[in-house]
1. Would you mind ranking Thr188, Thr18 by Cβ crowding within 10 Å, fewest neighbours first?
2. From the helices alone, meaning DSSP H stretches of at least four residues, give me the mean residue ellipticity at 222 nm for the chain, per-run term -39500 (n - 2.57), in deg cm²/dmol to the nearest 500.
3. Can you give the convex hull volume of the alpha carbon atoms of the chain per residue, in Å³?
4. Cα-Cα pairs above 19 Å in region 20-81: how many percent?
5. Please order Ile29, Ile104, Ile88 by the number of other Cβ within 10 Å, starting at the fewest.
6. Taking Lys37 as the anchor, which aspartates and glutamates have their alpha carbon closer than 20 Å to its alpha carbon, excluding any fewer than eight residues away along the same chain?
7. For each of Trp139, Trp38, count neighbouring Cβ atoms within 10 Å of the residue's Cβ, then give the residues from fewest to most.
8. Enter the per residue convex hull volume of region 190-285, computed from alpha-carbon coordinates, in Å³ rounded to the nearest integer.
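Throughout, read-outs are computed from the coordinates displayed, never taken from laboratory work. Just so it is clear, the structure is predicted and the values come from calculations on it, not from any experiment. For neighbour counting, all protein chains shown are included, and Cβ atoms are generated from backbone atoms with ideal geometry for every residue, glycine included.
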Amino acid sequence: MNSLTEKIKRKAFDLGFTHVGIAKPEILIDEADYLRKWISSGYHASMEWLRRGLERRINPFNVFPDVKSIICTGINYYKIPSYHKSDIKFKISRYALGKDYHIIIRHRLKDLLAYIKSLDSRAVGKIFVDDGAVMEKVWAVRCGIGWIGKNATLITKNIGSWVFIGEIFLNMELEYDSFAENHCGNCTTCIDLCPTKAIVAPYIIDTRKCISYLTVEYKGMLSKELVKNFQNWVFGCDICQEVCPWNRFAVPTSDKDILTYKDKIVSFLNELQYLKREEFERIFSDTPIKRAGYEGLMRTVRAVLEL
């Protein structure tokens with residue numbers, strides 16, 4: 001490993017990232033074919049930005065023409081809320097039980113990029129955190145961090161799928177990592193146990209049936225036929241991750257930034273039906289839950305209560 005690559009990786013770990021890898025930027029031929037077929041099947045639901053940004057997604061040079069290396073980082077976000085208790089009325093995905101991960105990762109990537117620039121003043125980079133029309137999970141595979149499971153989540157060998165990822169597109173050539181191998185094998189547990197049957201085939205999600213999409217992105221009225229299978233999830237869904245055998249290796253995070261607000265949010269899970277707009281703004285203003293908005297969250301809460 002050359003010294004610059006080694007220093008960058010060491011710094012990433014020092015900043016609190018649990019995973020880091022580097023990939024060679026290339027046009028994504030196979031992924032483009034998959035994405036086009038997936039969109040043409042209507043599986044993207046109302047997320048038309050996926051169609052509009054397709055050419056940017058499949059070609060990293062369209063988002064940063066000078067890119068020579070893609071640095072992908074990951075952070076363990078596994079948190080254990082008290083969902084095993086029978087008296088929990090409403091469930092919120094673990095990724096949302098804390099401060100918005102976009103803020104956390106972007107801040108650390110800015111520090112990492114500043115460090116790279118301190119090593120070489122010629123360095124120029126662009127940061128992405130679940131934005132900018134970047135196929136993040138694909139690059140994480142190419143960086144050797146993990147593989148994309150049959151439930152379309154990124155899975156790592158050491159801690160499973162509870163990983164936030166972010167990238168730096170850099171104008172400098174570094175030493176590239178090998179692609180991660182897929183270790184799903186013949187397992188179909190996530191497909192078999194998805195309550196709304198949103199995983200229509202291995203690696204193919206019909207977003208129109210996905211609880212995560214319906215409770216976070218979807219703005220319309222919820223179908224009672226689908227809601228009856230929500231199992232009290234009102235923001236996101238962790239079912240296909242909870243049942244994944246690789247998540248037996250999950251280790252609760254000790255990252256203080258990731259754990260911010262967890263206990264406070266969990267304490268509200270039985271009282272969401274009484275939540276006022278002012279309380280929503282105070283409690284969830286810098287968490288992922290703001291994505292659904294007050295009306296969106298309460299719509300789902302009411303739909304679950306009406307069953």
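1. Values: Thr188 12, Thr18 20.
Arranged by neighbour count, lowest to highest, Thr188, Thr18 become Thr188, Thr18.
2. Values: 15 runs with 112 residues, N = 307.
After summing the helix terms and dividing by the residues of the chain, the value is -9500 deg cm²/dmol.
3. Values: hull volume 40.4 nm³, N = 307.
Per residue, the Cα convex hull of the chain comes to 132 Å³.
4. Roughly 49 percent, rounded to a whole number.
5. Details: Ile29 8, Ile104 21, Ile88 14.
Fewest-to-most ranking of Ile29, Ile104, Ile88: Ile29, Ile88, Ile104.
6. Within the straight-line cut-off, Lys37 pairs with Glu48, Glu55, Glu136, Asp206.
7. Trp38, Trp139
8. Values: hull volume 13.4 nm³, N = 96.
Enclosed volume per residue, from the Cα hull, is 139 Å³.
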